[in-house]
Amino acid sequence: MTEPVNNPPCELRLAHFGMFIHWGLYAVPGGRWQGRETPYLGEWLQSYFRIPNAEYAKFAERFNPIHFNADEWVSLARDAGMKYLVFTAKHHDGFAMYHSKVNRFNIVDATPFKRDVLREISDACARYGIRFGIYYSHHLDWADPDGGDPGPESPLNCNCMSWGNNWDFPDRSRKDFSRYFYGKALPQLRELLTEYGPVCELWCDCPHQILPEYSRAVRDLVRELQPDCLINSRVGNGYGDFGSLGDNQTLTAGLNRLVESPGTLNDTWGFKFDDHHWKTPEEVIEKLVSLTDKGANYLLNVGPMPDGRLTPETVDILTRVGTWYRRNGDGIYGCEGSPFPQNLGWAYCTRKENTLNFFLRRQEEHIRLAGLSAAPVTADCPIQLHSDGSLTLTPDPDRQTGFLPVLRLHFTEPPRILPGLRLQNGEMDLAPGQGQLIHNPPEPVIDDGAAAAPPENPNMPPDNESEHSLLTGDGLLTWWHHDYDAIAWTLELAPGTYECWILTQKADHSRTWNSSRIVEVALGDDIRRVPLAADELPYSPYFPQVRSRAGVFTLTAPFRGTFRLRTLMAGDRGARLMALAGVTFRQLS
């Protein structure tokens, strides 16, 4: 198994903002079939309604996007601040959005349009200085009798849609994935990697039970034909160069490696007539800045209409994002993530060479910073140095204006933060990845020389759940419901009164948080039993979050020690599915 590349080329690693485009035959029905609307993803319409291939192929006869203009799409991406673009050359329906010589089910041979849109987009990217990437569904292909089919062993997509085509090809015993992979997938990938210019990123999807030999074959082909092209982790089996988060997923903390968050502009990827749940420009900007703060990229999807135009809402949102970006984008493109060891509740932070950029999340009269290895030489606001090495910033309300305004500090060399977790402006945000996991399972009970099973524990998980806490790729702590597991952070606090909050996040974005959990929190020798309740509901449209108040701690002397958290009771599976996203200390006095 290959190791991921930790330092991809700067063009992608520090780009931070890209455009994802899902466009194909599914745009023609737009989520509607025989008078019904799919409640789920527009591009999954064929699977949701189990449309036979012979019927689905008829959409090709109606696909004639006469208003398609690659320059309009790419220039919009450029003006919004996007530095790369990834286009769906073939999605799960098996239809190629380019002129494939391998299979005639493609936009040139099967539609009245007769144009290779992939080539036009690639050429437009070159004209506008946008890096060009390709999405290719390497495992699933509903048009091919041998396309990937995880079968009943895998849960259905959205609990209602088959991953593979089991309506046209129900007999899995007759399927030979190698025939599809070596007969269609790999030859089409060769076309894409040799005939469309430089490719910065190959975006694979839904690997499921794909065997390592197939993931390795994709990796080897890319290395042979486009050695500078990066592959996302959804190629499967550890052969990717960077991590793909879950759809619309965000990060709780930086991971010191490149990850990319694919997100939608509304609720779907492919065009849907009835999906009007558009994100605001501010929501897009906030997620972009939050991900940049953590060193990650934001790949924001648009779903063009069947006539080739982008929706008016798409154009309006991205135009307004671009207005913000032109003023603040120097704190995004080419920037490293925050050098601080914890999140800053009052700001997002990025670094470019000798400059720190603070994107202010709320208005503050004064901001107190600690742990900087050196003082700034200039700043966008008045600063005051203190004898303990900390400094106070006083934002200028006439200069730091608008949404997420930027406050910049300039140093003589790249700024460093001294080791240790400490208050920043009266707050401390602790991410699971910054803590130490402690796993102490109970010893078997010995009776008359024979090992007996541990006593039954209602807190133990079903067989298909992890036996101990796990830190996920997006920085969450999952399966932390065992009373023999704990997580601990070493931190510093000055004398004062502190309010403690615990942030949990639902692992399944289709459900809300509706279960209770009792935890133990311990700041040094001060140990509390705390039932988690929904005291605050932070903004999180896809993965519901809950912030629970864990009480107030009063310190009469400086504290340097351990804060520990463990679960005492998780009543049901719903409670066990809540992941730990972080802990916050807020100084009250």
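Annotations
- Gain in span if fully extended, Thr490 to Leu588, counting 0.36 nm per residue against the direct Cα distance: 33.2 nm
- In the chain, the DSSP-assigned H stretches of four residues or longer account for a calculated mean residue ellipticity at 222 nm of -5000 deg cm²/dmol, using -39500 (n - 2.57) per stretch and the full residue count as denominator.
- Using the empirical formula 2.2 N^0.38 Å as the baseline, the Cα radius of gyration of region 146-186 reaches a ratio of 1.21.
- Sorting the segments 12-21, 115-124 by their residues' average number of neighbouring beta-carbon atoms within 10 angstrom, most packed first, yields 12-21, 115-124.
- Once the Cα atoms are used to define both axes, helix 281-293 deviates from the longest principal axis of the chain by about 70 degrees.
- Between the helical axis of 312-328 and the longest alpha-carbon principal axis of the chain there is an angle of about 40 degrees.
- Label zone at Leu555 (point 7 Å along Cα-to-Cβ), backbone N below 20 Å, region 567-587: 582-587
- Accessible area of the chain belonging to carbon and sulfur atoms, whole % at 1.4 Å probe: 50 percent
- In Å, descending, principal axis extents of the Cα set of region 176-276: 39, 39, 31
- Candidate values (1) 0.99; (2) 1.21; (3) 1.04, label of the one derived for Cα Rg over 2.2 N^0.38 Å: (3)
- Scaled against 2.2 N^0.38 Å for its residue count N, the alpha carbon radius of gyration of region 265-318 is 1.22.
- Added length on full extension, which subtracts the Cα-Cα distance from 0.36 nm per residue, Asp535 to Ile438: 32.2 nm
- Table column - 3J(HN,Hα) (Hz), region 564-579, Karplus curve with 6.51, -1.76, 1.60, x for Gly and Pro: 10, 9, 8, 8, 9, 7, 10, x, 8, 5, x, 5, 5, 7, 6, 9
- Helix 70-79 and the longest principal axis of the Cα set of the chain meet at an angle near 10°.
- Vicinal HN-Hα couplings computed from phi for region 201-207 (Karplus, 6.51 cos²θ - 1.76 cosθ + 1.60; Hz; Gly/Pro x): 8, 9, 9, 8, 7, 6, x
- Value in Å of the Kirkwood radius, where region 45-106 supplies the Cα pairs that are averaged: 14.1 Å
- Of the two radii for region 288-354, the radius of gyration is 1.09 times the Kirkwood radius, both from the alpha carbons; that is the Rg over Rh value.
- Over region 304-434, the reciprocal of the mean inverse Cα-Cα separation, the Kirkwood hydrodynamic radius, stands at 16.3 Å.
- In the context of the full set of protein chains, residues of the chain present 41 Å² of accessible surface per residue (probe radius 1.4 Å, heavy atoms only).
- The alpha carbon radius of gyration of region 96-194, expressed as a multiple of 2.2 N^0.38 Å, is 1.27.
- Applied to region 19-35, the Karplus parametrisation 6.51 cos²θ - 1.76 cosθ + 1.60 on θ = phi - 60° returns per-residue 3J(HN,Hα) values of 9, 9, 10, 9, 9, x, 4, 4, 5, 5, x, x, x, 10, 8, 6, x Hz, with x for Gly and Pro.
- Distance between modelled label sites at Arg32 and His276, nm, 7 Å Cα→Cβ extension: 1.4 nm
The values are calculated or read from the model by the stated rules, or taken from the named source; none is laboratory data. Bear in mind that the values here come from a model prediction, so they are computed numbers and not experimental data. Note: ideal-geometry Cβ built from the backbone for every residue, glycine included; neighbour counts use all protein chains shown. Only protein heavy atoms, including side chains, enter the accessible area calculation; ligands, DNA and RNA are left aside. Shrake-Rupley method; radii C 1.70, N 1.55, O 1.52, S 1.80 Å.
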